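The values are calculated or read from the model by the stated rules, or taken from the named source; none is laboratory data. Predicted model, so just to flag it, every value in this text is computed and none were measured. Quick reminder, even Gly has a Cβ in these numbers, built from the backbone with ideal geometry, and neighbours come from all protein chains shown. Areas reflect the complete protein model, heavy atoms only, side chains present, ligands, DNA and RNA absent. Shrake-Rupley method; radii C 1.70, N 1.55, O 1.52, S 1.80 Å.
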Amino acid sequence: MQIFTYQPPNIPWLDIRYVDRDIIIINKPSGLLSNPGIAKNTYDCALTRIQQRFNDAILVHRLDCATSGIMVFARNKKAESNLKTQFQDRKTKKTYIAEVSGHLNDAEGVIELSLAADKTNPPKQQVSENGKVAITHYQTLEVRANSTLLMLKPVTGRTHQLRVHMLAMGNTILGDDFYGNKQVIEAAPRLKLHAQELSFTHPYTGKKTLFRSYCSF
């Protein structure tokens, strides 16, 4: 089993980007859980921090603890149901930025590899023919000396999808202490994965909305 040591960052404590009657948008820092785990020391997370200011906040989706970027929270049951349905029906659009090890053979393409839980080493995931369908579009943004900056657009939202898909490509995301080797882990102080854009239909106005948070990888 993968050992997880939780040390949530204090700065920024909470980076709120937008609030209205139905939704809250934050830029989650790397190292902060999206929601509490079973252990008492995981109570401090994005959801509980938001609820200290907005006690009606409801979790809609998750980002990995090590992943930073845009998250949306609902403020009422109707908005929660609407947003969760959009995520489940793949009506949302997500764009991530990642710095990965090495160079890719193709500058852009589509990764279609089904994923399943690695039951011998939870909570890791693995490529499996019997797993759930997982699809990721990728595009090279910059080729660096020993790494590549990518734009990743997942069609599905499987656990650790981007991390396992890049591992399978032979280009592990830098700083990935779950799937990376010693060289990959030591190449960055954090996981170089950032949820840069999230687009969805606003649950009240019905208008397409786009929220963005740039990173400096």
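For segment 44-62, the criterion of being open to solvent by 50 Å² or more (accessible area, probe 1.4 Å), over 18 Å from the mean Cα position of the chain (by Cα) and under 22 Å from Leu191 (Cα atoms) is satisfied by no residue at all. So in segment 26-37, with the set limited to residues that are open to solvent by 10 Å² or more (accessible area, probe 1.4 Å) and within 12 Å of the chain's Cα centre (by Cα), which one is nearest to Gln196 (Cα to Cα)? Out of the qualifying residues, it is Asn27.
The set of residues in segment 140-156 being outside any loop (DSSP other than H, G, I, E, B) and either among the hydroxyl-bearing types (Ser, Thr, Tyr) or within 18 Å of the chain's Cα centre (by Cα) (or both) consists of Thr140, Ser147, Thr148, Leu149, Leu150, Met151, Leu152, Lys153, Pro154.
Here is a list: Lys78, Lys94, Lys40. Which entry is basic (Lys, Arg) and surrounded by 15 or more Cβ atoms within 10 Å (Cβ to Cβ)? After ruling out the rest, the residue left standing is Lys94. Here Gln86 clears all of (1) open to solvent by less than 40 Å² (accessible area, probe 1.4 Å); (2) over 15 Å from the mean Cα position of the chain (by Cα); (3) more than 30 Å from Leu141 (Cα to Cα); (4) of a type outside the set (Ser, Thr, Tyr) except the condition numbered (3). Looking only at segment 112-139, residues that are within 17 Å of the chain's Cα centre (by Cα) and open to solvent by less than 30 Å² (accessible area, probe 1.4 Å) come to 4 in all.
Answer yes if at least one residue in segment 5-22 is surrounded by 12 or more Cβ atoms within 10 Å (Cβ to Cβ), closer than 17 Å to Glu80 by Cβ, modelled with pLDDT of 95 or more and in contact with a helix residue (DSSP H, G or I) (Cβ under 8 Å, 6 or more places away or on another chain), and no otherwise. Yes, segment 5-22 has at least one match.
Cβ-Cβ contacts under 6 Å between residues 6 or more apart (or on different chains), taken from a first residue in segment 49-64 that is over 22 Å from Lys93 (Cα atoms) to a second residue that is open to solvent by 20 Å² or more (accessible area, probe 1.4 Å) and among the charged types (D, E, K, R), are listed as Asp56/Arg75. For segment 190-217, taking the residues that are in a loop (DSSP other than H, G, I, E, B) and within 27 Å of Phe178 (Cα to Cα), the one that is most open to solvent (accessible area, probe 1.4 Å) is identified as Tyr214.
A count restricted to segment 157-211 and to residues that are among the β-branched types (Val, Ile, Thr) and within 13 Å of the chain's Cα centre (by Cα) stands at 3. Return the residues of segment 112-130 that are within 26 Å of Met71 (Cα to Cα) and not in a strand (DSSP E or B); say none if nothing qualifies. Matches in segment 112-130: Leu113, Ser114, Pro122, Pro123, Lys124. You will find that of Asn171, Asn105, the residue that is more than 28 Å from Leu14 (Cα to Cα) and open to solvent by 60 Å² or more (accessible area, probe 1.4 Å) is Asn105 and no other. Among the conditions (1) open to solvent by less than 10 Å² (accessible area, probe 1.4 Å); (2) within 15 Å of Glu108 (Cα to Cα); (3) among the charged types (D, E, K, R), Lys153 misses just one, which is (1).
Just for segment 63-75: of the residues that are in contact with a strand residue (DSSP E or B) (Cβ under 8 Å, 6 or more places away or on another chain) and farther than 18 Å from Lys207 by Cβ, which one is surrounded by the fewest Cβ atoms within 10 Å (Cβ to Cβ)? Only one residue tops the list, namely Ala66.
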